[in-house]
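The values are calculated or read from the model by the stated rules, or taken from the named source; none is laboratory data. The structure presented is a predicted model; accordingly, all values stated were derived computationally and were not measured. Reconstructed Cβ throughout: ideal geometry from the backbone, glycine too, with neighbour counts over all protein chains shown. Ligands, DNA and RNA are excluded from the accessible area calculation, which covers all protein heavy atoms including side chains. Shrake-Rupley method; radii C 1.70, N 1.55, O 1.52, S 1.80 Å.
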Amino acid sequence: MLENYLPILIFIVVGVIVGGAMMAFGFILGPHRPDTAKLSPYECGFEAFEDSRMKFDVRFYLVAILFIIFDLEIAFLFPWAIVLKDIGLFGFSAMMLFLGILVIGFIYEWKKGALQWE
Amino acid sequence: MAFEQIVFYAFSAVLVFSAGVVITVRNPVHAALFLVLCFFSTAGLWLLLRAEFLAIALVLVYVGAVMVLFLFVVMMLDINIAVVRQGFARYLAVGGVVAILLIAVMAMVVGGDYFGLERTPVPEPIGEVSNTRLLGLQLYTDYVYPFEIASVILLVAIIAAIALTLRRRPDSRYQEPGRQVEVRRGDRVRLVSMKSEERR
């Protein structure tokens, strides 16, 4: 079973090597002559107006939570799709009930305007 | 087998390293990104244990969704590190006691009494049956009731998130494509029939 995942492992190793090598070469071969003007933060040529740690709008958080919920729903769909032939009508209706309950939530958020980006 | 062990130790080393960085690094955004690395290496370890579905679900759900949420929360909280580090000496006593208690509790729970190698021997390999398949056979038949409860919990989470964070901003403007398409000529143009006037 694990040999199916060998390409992924090779991909990870190659990715780490290529990414690490590029950063290492840039660090080793590039010139390092820092001074205060180079190291100071700048914003399109003039002094920075404000701290870069600004507050995000709370609606990003709402979108992220709604995304997690439907992501979990997808995670439940994978094993169901594999065994659909074996569990028959009972398993099918169990999943339809599951999806139906979540569709209620989807309709609620749609009607409430949570997906509306103003 | 030896190759698998090398992979195991590589993933474990990355996991331990990144877990250590998560709790020691100062920038919370960096901590969240190292937590992503933690999840990736844990997924690798679970894959070595033949827990395919769990590994994929960890990447899909935790790396894909939960960590995005974590990053948003970290950015939303606007953590000023200098302020957070101010009361270090003042909270050291209480924090130290709590830390020692937590370590003791974890040592009691995860210690040899319950989690030793003698307690939980390596399970027999189930052969070439995919464990995603076995999970599916159990989950949608024997455990259908908890499965439906999970959907109700998710529904509650949707409603709670919307109720807590949805704010209307009356000053903002947006388009409604449906109404734009539905519009008729009569809504925009009014034809007035009137007598022609004499030229003066």
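Please pick out the residue among B:N131, B:N80 that is surrounded by 10 or more Cβ atoms within 10 Å (Cβ to Cβ) and at pLDDT 75 or above. Write out each step before concluding.
Values: B:N80 fails: at pLDDT 75 or above.
Checking each option against the conditions leaves just B:N131.
In region B:4-26, how many are loosely packed, with under 12 Cβ neighbours inside 10 Å and either at positive phi or touching a helix residue (DSSP H, G or I) at 6+ places or on another chain (Cβ under 8 Å) (or both)?
Matching residues across region B:4-26 total 3.
Name the single residue that is farthest from the chain's Cα centre (by Cα) among those in region A:6-57 being of a type in the set (G, A, S) and modelled with pLDDT of 85 or more.
Within region A:6-57, the first condition is being of a type in the set (G, A, S), and the residues that meet it are A:15, A:19-21, A:24, A:26, A:30, A:37, A:40, A:45, A:48, A:52.
So of that shortlist, the ones also modelled with pLDDT of 85 or more come out as A:15, A:19-21, A:24, A:26, A:30.
Values: A:G15: 19, A:G19: 20, A:G20: 22, A:A21: 26, A:A24: 27, A:G26: 28, A:G30: 33 Å.
Ranking the candidates gives A:G30 first.
Yes/no matrix, rows are residues, columns are (1) more than 23 Å from A:E109 (Cα to Cα); (2) more than 14 Å from chain A (Cβ to nearest Cβ); (3) modelled with pLDDT of 75 or more:
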position: B:G116; (1), (2), (3): yes, yes, no
position: B:G127; (1), (2), (3): yes, no, no
position: B:L135; (1), (2), (3): yes, no, yes
position: B:Q138; (1), (2), (3): yes, no, yes
position: B:I149; (1), (2), (3): no, no, yes
position: B:T165; (1), (2), (3): no, no, yes
position: B:S172; (1), (2), (3): no, no, no
position: B:D187; (1), (2), (3): yes, yes, yes
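Restricting to region B:164-182, give me the number of residues that are within 22 Å of A:A64 (Cα to Cα) and open to solvent by less than 70 Å² (accessible area, probe 1.4 Å). Walk me through it before giving the result.
Step one: list which residues in region B:164-182 are within 22 Å of A:A64 (Cα to Cα), which gives B:164-169, B:172, B:174.
Still in the list and also open to solvent by less than 70 Å² (accessible area, probe 1.4 Å): B:165-166, B:172.
Summing the residues that are within 22 Å of A:A64 (Cα to Cα) and open to solvent by less than 70 Å² (accessible area, probe 1.4 Å) in region B:164-182 gives 3.
Determine which single condition B:V61 fails, assuming it passes every other condition in (1) at the interface with another protein chain (Cβ under 10 Å from one of its Cβ atoms); (2) buried (at least 18 other Cβ atoms within 10 Å of the Cβ).
Going through the list (1) at the interface with another protein chain (Cβ under 10 Å from one of its Cβ atoms); (2) buried (at least 18 other Cβ atoms within 10 Å of the Cβ), B:V61 breaks only (2).
Residue by residue through region A:104-118, note down the ones that are part of a helix (DSSP H, G or I) and either closer than 17 Å to B:F147 by Cα or facing chain B (nearest Cβ under 7 Å) (or both).
Initial filter on region A:104-118 (part of a helix (DSSP H, G or I)): A:104-112.
Within region A:104-118, A:I104, A:G105, A:Y108, A:E109, A:K112 meet the criteria.
Checking the structure you have, find out if any residue of region B:28-44 is open to solvent by 70 Å² or more (accessible area, probe 1.4 Å), over 14 Å from the mean Cα position of the chain (by Cα) and more than 29 Å from A:F76 (Cα to Cα).
Going through region B:28-44, the residues open to solvent by 70 Å² or more (accessible area, probe 1.4 Å) turn out to be B:30, B:33, B:40.
Still in the list and also over 14 Å from the mean Cα position of the chain (by Cα): B:30.
Still in the list and also more than 29 Å from A:F76 (Cα to Cα): B:30.
Yes - at least one qualifying residue is present in region B:28-44.
In region A:79-103, which residue that is at the interface with chain B (Cβ under 7 Å from one of its Cβ atoms) and of a type in the set (F, W, Y) is surrounded by the most Cβ atoms within 10 Å (Cβ to Cβ)? It would help to see each step written out before you state the result.
Residues of region A:79-103 that are at the interface with chain B (Cβ under 7 Å from one of its Cβ atoms), as a first pass: A:79-80, A:82-83, A:86-87, A:90-91, A:94-95, A:97-98, A:101-102.
Now narrow it down to the ones that are of a type in the set (F, W, Y): A:80, A:90, A:98.
Working: A:W80: 20, A:F90: 11, A:F98: 22.
Among them, the one singled out is A:F98.
Residue pairs, Cβ under 9 Å, 6 or more apart or interchain, first in region B:93-115 and farther than 19 Å from B:I23 by Cα, second among the hydroxyl-bearing types (S, T, Y) and part of a helix (DSSP H, G or I). List them.
Qualifying pairs under 9 Å: B:M108/B:Y114.
Does B:E148 qualify as being loosely packed, with under 10 Cβ neighbours inside 10 Å and either among the charged types (D, E, K, R) or not in a helix (DSSP H, G or I) (or both)?
Working: loosely packed, with under 10 Cβ neighbours inside 10 Å: no; either among the charged types (D, E, K, R) or not in a helix (DSSP H, G or I) (or both): yes.
For B:E148, the condition - loosely packed, with under 10 Cβ neighbours inside 10 Å and either among the charged types (D, E, K, R) or not in a helix (DSSP H, G or I) (or both) - is not met.
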